[in-house]
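Student: Sharing a structure here in C-alpha cells format.
Just so it is clear, none of the values below were taken in a lab; they were calculated from the coordinates. Only a predicted model underlies this, so the values are computations on that prediction, with no experimental measurement involved. Glycine gets a Cβ as well: all are built from the backbone with ideal geometry, and neighbour counts include every protein chain shown.
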Amino acid sequence: MMQTDFKFVVVGHQSRLATAALLSDELGAHLLIDEWNHGANWNHRRAIEWAAEQPCRVVVLEDDALPVQGFTDKVTDWLERFPDDMLSFYLGTGRPPQYQKEIAGMLVDADRVCGDHIVLSKLIHGVCYSPPRGSLVRMLSTWNKTLAADYAVGEAFGGRVIYPCYSLVDHADLQTVERHPDNEPRTERRRAWRLA
C-alpha cells in the first residue's frame, strides 16, 4: 500500500505561543498564531485555507492537543483507511454535553462488535481533525464566521465524521482563551474518553 503523505498545521492563541511552538516543532507542523485575538473560527479558517494550498492531506491541531505515543504512524493508518472522510482524532468528555450520552452508548456498541471507531453526523471538537482534500475549496465557500470553530468546520464540511474509539490526542483542558458565542463558562472536564 502506498504511504499517505500529509502535513500538520497547529492553530494557536498568542497567550499559548510557547505551547503551540513546542507542539509545532515536535510534529514539524506549520504554525498559525492568532496574534490579534480574531478568535478560533478565524484561525481554523486560516488552517483550512493553508490546507487547500498543500499538495497532500492536512491534519489540524489546536495548541492544547496532546498527541499520544506513535501519533504520526497512527494518523497514517487512519488516513489510509478513510481517505474520503473527515476524521476527528479526539473524542472528548464534558463538551459538548448534549452528545455525551450518545457517545457513551456508541462506544459500548462498538466494543460489543469489536469496532474501532464511531461515526457522528458532525464534527463536535476542533482539537485535532483532518478533512479530505477534495472538500477544502467547498468548505471555504460555505464557511460560517459566526459559529464556534469546531461547528464552523463541521458545518462547512457537511458530512459524517469518523472518530477512532481511542483518541490519538488528549486535550490539555486549560483555561479557555476563546470567548464562546453562547457566553457559557466551560466548567466540564474536557479530556478524551479513551486514549490510543
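Student: Taking R0 as 35 Å, what's the FRET efficiency between GLU49 and LEU22 from their Cβ-Cβ distance, rounded to 0.05?
Tutor: Here the calculated transfer efficiency is 0.90.
Student: For n ≥ 4 DSSP H runs only, could you compute -39500 (n - 2.57) per run for the chain, divide by its residues and tell me the 222 nm figure to the nearest 500?
Tutor: -9500 deg cm²/dmol
Student: Could I ask something else about it? Stretch SER121-VAL108 to full length: gain in nm at 0.36 nm per residue minus the Cα-Cα span?
Tutor: Working it through step by step, the gained length comes to 2.9 nm.
Student: Give me the three principal axis extents of the chain from the C-alpha atoms, as integers in angstrom, largest value leading.
Tutor: On the principal axes, the chain reaches 48, 42, 33 Å in Cα extent.
Student: Determine, for ILE162, ILE124, the number of other Cβ atoms within 10 Å of each Cβ, and report the residues in order from fewest to most.
Tutor: Ordered by Cβ neighbours within 10 Å, fewest first: ILE162, ILE124.
Student: Rounded to the nearest 0.05, what FRET efficiency is calculated for SER15 and ARG81 with R0 set to 25 Å and r the Cβ-Cβ distance? List each step's numbers first, then the result.
Tutor: Details: r = 36 Å, r/R0 = 1.45.
For R0 = 25 Å, the calculated efficiency reads 0.10.
Student: Nearest 0.05, what FRET efficiency do LYS145 and GLN100 give at R0 = 25 Å with Cβ-Cβ as r?
Tutor: Approximately 0.35, to the nearest 0.05.
Student: In terms of Cα to Cα distance under 24 Å, which lysines are near enough to LYS74, apart from those fewer than 8 places away along the same chain?
Tutor: LYS7, LYS122
Student: What are the ³J(HN,Hα) values, in whole Hz, obtained from phi via the Karplus relation 6.51 cos²θ - 1.76 cosθ + 1.60 with θ = phi - 60°, for each residue of the range 116-131 in sequence order, with x given for Gly and Pro?
Tutor: Running phi through 6.51 cos²θ - 1.76 cosθ + 1.60 with θ = phi - 60° gives 10, 8, 10, 10, 10, 6, 8, 7, 10, 9, x, 4, 7, 8, 9, x Hz.
Student: What residue among PHE82, PHE157, PHE71 shows peak mean-square fluctuation when the chain is described by a Gaussian network model with Cα springs under 10 Å?
Tutor: For the chain, modelled as a Gaussian network with Cα springs under 10 Å, the answer is PHE82.
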